[in-house]
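The values are calculated or read from the model by the stated rules, or taken from the named source; none is laboratory data. Only a predicted model underlies this, so the values are computations on that prediction, with no experimental measurement involved. Quick reminder, even Gly has a Cβ in these numbers, built from the backbone with ideal geometry, and neighbours come from all protein chains shown. Accessible surface areas use protein heavy atoms only, side chains included; no ligands, DNA or RNA. Shrake-Rupley method; radii C 1.70, N 1.55, O 1.52, S 1.80 Å.
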Amino acid sequence: MTANLLYAQSGGMTAVINASASGVIEAARARPDCFGKVFAARDGIVGALTEQLYDLDTESAEVIAALRHLPGGAFGSCRYDLQDIATHRHQYERLIEVFAAHDIGYFLYNGGGGSMLTAERLLRVGEDLGYPLKVMGVPKTIDNDLADSDTSPGFGSAAKYVAVSAREAAHDVASMAGSSTKVFVLEVMGRHAGWLAAAGGLAERTPGELPLLLLFAERAFDEATFLAAVRARVESRGYCVIVASEGLKDAAGQFLSIGADSPVYDWIQLGGVAAGLADRVKRALGYRTHWAVADYLQRSARHIASRTDLEQAYACGRAAVELLAGDVHGRMVTLRRLSDAPYRWETDSVPLATVANVECTVPDAFIDAEGFGLTEAAHRHLRPLIEGEDYPPFRDGIPDYPVLRLELAPRRLPDFTLD
């Protein structure tokens with residue numbers, strides 16, 4: 001007997017999350033012996049709770065294939081976490097009611113560590129309630145902080161954007177340094193993990209090619225040491241390009257800058273590190289500075305996506321469905337590195353419980369002795385992840401992205417109020 005499949009996207013977007021969606025949908029359609037209809041939840045787990053399910057039977061094979069080119073989340077995402085089962089059991093019971101109403105026996109959640117916690121909790125509740133639900137996690141995060149995986153789909157493309165931006169900005173600053181700007185600061189995402197700041201080091205093809213200074217979320221910020229490093233680069237090279245994690249903390253463990261203090265559960269919005277660093281440099285050293293925040297641009301830049309990243313994102317989506325078809329579930333798909341040069345990899349999987357809410361940070365072995373650059377080991381590990389190009393189709397000078405019908409399936413249950 002077959003059952004229907006529900007796919008949902010969660011958390012911050014990437015340039016390639018829809019490639020995972022394409023992999024999921026195409027793989028499920030290829031196995032009518034295992035899977036019935038394929039649904040996608042509108043706005044992640046929120047759509048599942050509120051019974052807003054897109055009926056993907058209305059989408060053509062051509063549009064599903066073209067999802068590989070589309071940035072953002074084709075079906076919408078959310079920053080909404082299911083709470084502890086002991087206090088919010090009604091949330092989980094509601095999900096099971098929705099699944100039962102639409103004959104959903106398979107649930108795939110495409111997200112990061114927090115999403116894997118939601119998936120793992122839902123797995124356990126299905127077992128407790130005796131509902132035959134098979135759950136799989138599809139990895140995604142530009143932060144690259146998922147455990148037990150060589151990398152996280154979405155990171156390679158964001159890293160490529162950061163590396164290219166830092167390299168291009170370096171040429172611009174070098175041009176102006178004689179009479180104008182000497183220091184440029186680029187703020188990148190990463191509240192606890194400095195992988196995207198590390199990606200700034202890939203702007204160099206050879207060590208020391210550019211006067212870069214990387215600020216990792218893993219290292220406590222020391223103003224005196226930082227200013228001395230900036231001064232040394234400007235005095236020796238005439239300018240300096242800084243790539244800084246938004247999650248920089250001081251020695252006491254406090255964030256240097258918080259953009260907004262209204263929490264979504266335990267989540268706060270960071271921002272303002274670049275402006276703060278530029279101001280410190282200007283006041284202490286007298287250099288003219290400019291700064292920028294990569295923000296959504298680093299995670300939505302599909303036009304400069306890494307081909308490696310795209311292929312891995314698609315493969316993870318397909319692998320999740322193939323595992324389910326083989327009666328394997330309760331796991332998250334992972335990527336396993338087989339070699340560095342040439343870079344070879346394969347998909348694997350680990351239990352959801354081992355990756356739920358676990359963060360993988362930049363190891364000390366990847367940060368050089370000065371604390372502001374990459375080691376050779378880091379270059380060997382990171383360089384393959386940004387390699388290759390896969391441009392979307394262009395029309396009239398801009399990307400030509402697919403348009404989905406996004407037709408909602410008829411609702412069968414009463415309304416549900418989120419809490």
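Would you mind calculating the gained length between ALA224 and ASP57 on full extension (0.36 nm times residue separation, minus the Cα-Cα distance), in nm to one decimal? Each step should come with its number before you reach the end.
Details: separation 167, 0.36 × 167 = 60.12 nm, distance 6.00 nm.
That pair, ALA224 and ASP57, stretches by 54.1 nm at full extension.
Could you state the number of Å between the C-alpha centres of the range 132-160 and the range 329-357?
Their Cα centres are 9 Å away from one another.
Which value, in nm² and rounded to one decimal, describes the direction-averaged projected area of the C-alpha convex hull of the range 308-359? Could the numbers behind the result be given before it?
Numbers: hull surface 16.7 nm².
With every direction weighted equally, the projected area is 4.2 nm².
Can you give me the orientation-averaged projected area of the convex hull built on the Cα atoms of the range 93-228, in nm²? Present the calculation step by step, with values, prior to reporting the outcome.
On the way: hull surface 47.5 nm².
Result: 11.9 nm².
Name the residue farthest towards the positive end of the dipole of the range 220-364 from the options TYR314, VAL230, TYR296, assuming +1 on Cβ of Lys and Arg, -1 on Cβ of Asp and Glu, about the Cα centre.
It is VAL230, whose Cα lies furthest towards the positive end.
Taking amide H atoms as placed 1.01 Å from N in the peptide plane, list the residues 5 or more away in sequence, or in a different chain, whose amide H sits under 5 Å from that of ARG331.
Counting only residues 5 or more places away or on other chains, the set is GLY137, LEU352.
Could you tell me what % of all Cα pairs in the chain have separations over 34 Å? Write down the numbers at each step before the final one.
Numbers: 28787 of 87571 pairs.
Percentage above 34 Å: 33.
With a sphere of radius 11 Å drawn around the Cβ of ALA284, what net charge do the other residues whose Cβ falls strictly inside it have (Lys, Arg +1; Asp, Glu -1)? Mind showing how you got there, number by number?
Working: positive: ARG231, ARG280, LYS282, ARG283; negative: GLU223, ASP279.
Net of charged neighbours comes to +2.
Using DSSP to call loops (not H, G, I, E or B), can you name the GluC sites (Glu not before Pro) in the range 208-237 whose Cβ has at most 16 other Cβ atoms within 10 angstrom? Walk me through the numbers on the way to the answer.
Numbers: sites: GLU209, GLU218, GLU223, GLU235; in loops: GLU209, GLU218.
Those satisfying the criteria are GLU209.
Given a Förster radius of 25 Å and the C-beta distance between SER257 and THR181 as r, what FRET efficiency does 1/(1 + (r/R0)^6) yield to the nearest 0.05? If you can, show how the numbers build up before the last one.
Details: r = 21 Å, r/R0 = 0.86.
Given R0 = 25 Å and the Cβ-Cβ separation, E is 0.70.
Once you list every other residue whose beta carbon is under 14 Å from the beta carbon of SER175, what net charge do they have if Lys and Arg are +1 and Asp and Glu are -1? Numbers along the way, then the final one.
Working: positive: ARG167, LYS182, ARG237, ARG288; negative: GLU168, ASP172.
My count for the surroundings of SER175 gives +2.
If you split all Cα-Cα distances of the range 2-91 into 5 Å bins from zero, what percentages do you get per bin, shortest first?
3, 14, 22, 22, 19, 11, 6, 3, 0
When the dipole is taken about the Cα centre of the chain, and only Lys, Arg (+1) and Asp, Glu (-1) are charged at their Cβ, what size is it in debye, to the nearest 20? All intermediate terms of the calculation are to be shown ahead of the outcome.
On the way: 40 positive and 55 negative charges, 147 e Å.
About 700 debye.
Using R₀ = 35 Å, calculate the FRET efficiency as 1/(1 + (r/R₀)^6) where r is the Cβ-Cβ separation of ASP327 and GLU387; round to 0.05.
Working: r = 36 Å, r/R0 = 1.02.
My answer for the efficiency is 0.50.
Determine the calculated [θ] at 222 nm for the chain from helices alone, applying -39500 (n - 2.57) to every DSSP H run no shorter than 4 residues and normalising by the residue count; nearest 500 deg cm²/dmol. Could the numbers behind the result be given before it?
Working: 13 runs with 145 residues, N = 419.
When only DSSP H runs of four or more count, the value is -10500 deg cm²/dmol.
Please compute the modelled spin-label separation between GLU127 and LYS282, points set 7 Å along Cα→Cβ, answer in nm with one decimal.
Using points 7 Å along Cα→Cβ, the separation is 5.7 nm.
With each label point set 7 Å from Cα along the Cα-Cβ vector, what nm distance links GLU359 and ILE85?
Rounded to a tenth, the inter-label distance reads 2.6 nm.
Sequence neighbours fewer than 8 away in the same chain don't count; with that in mind, list the aspartates and glutamates whose C-alpha is under 16 Å from LYS282.
GLU223, GLU235
Only loop residues by DSSP count here, and only those with at most 12 other Cβ atoms within 10 Å; note down the trypsin sites (Lys or Arg not before Pro) in the range 315-419 that meet that.
Working: sites: ARG318, ARG331, ARG336, ARG337, ARG344, ARG380, ARG395, ARG405, ARG411, ARG412; in loops: ARG405, ARG411, ARG412.
Here the trypsin sites (Lys or Arg not before Pro) that fit, given the DSSP loop and packing criteria, are ARG405, ARG412.
Where does each of TYR401, TYR131 land when they are ordered by accessible area, with a 1.4 Å probe and the largest first?
On the way: TYR401 70, TYR131 45 Å².
Listed by decreasing accessible area, they come as TYR401, TYR131.
Mind giving me the nanometre distance, one decimal, between the label points for ASP33 and ALA275, set 7 Å out from Cα along Cα→Cβ?
It is 6.0 nm.
How big, in percent, is the set of alpha carbon pairs in the range 161-261 lying more than 20 Å apart?
37 percent
For the chain, report the accessible area per residue in Å² (1.4 Å probe, heavy atoms, rounded to an integer).
Computed with neighbouring chains in place, this is 41 Å² per residue.
When Lys and Arg each count +1 and Asp and Glu each count -1, what net charge do the other residues less than 15 Å away from PHE416, Cβ to Cβ, add up to? List each step's numbers first, then the result.
On the way: positive: ARG42, ARG89, ARG94, ARG411, ARG412; negative: ASP43, GLU51, GLU93, GLU97, ASP415, ASP419.
That works out to -1.
Could you tell me how many cubic angstrom of Cα convex hull volume the range 199-347 has per residue?
Each residue corresponds to 181 Å³ of Cα convex hull volume.
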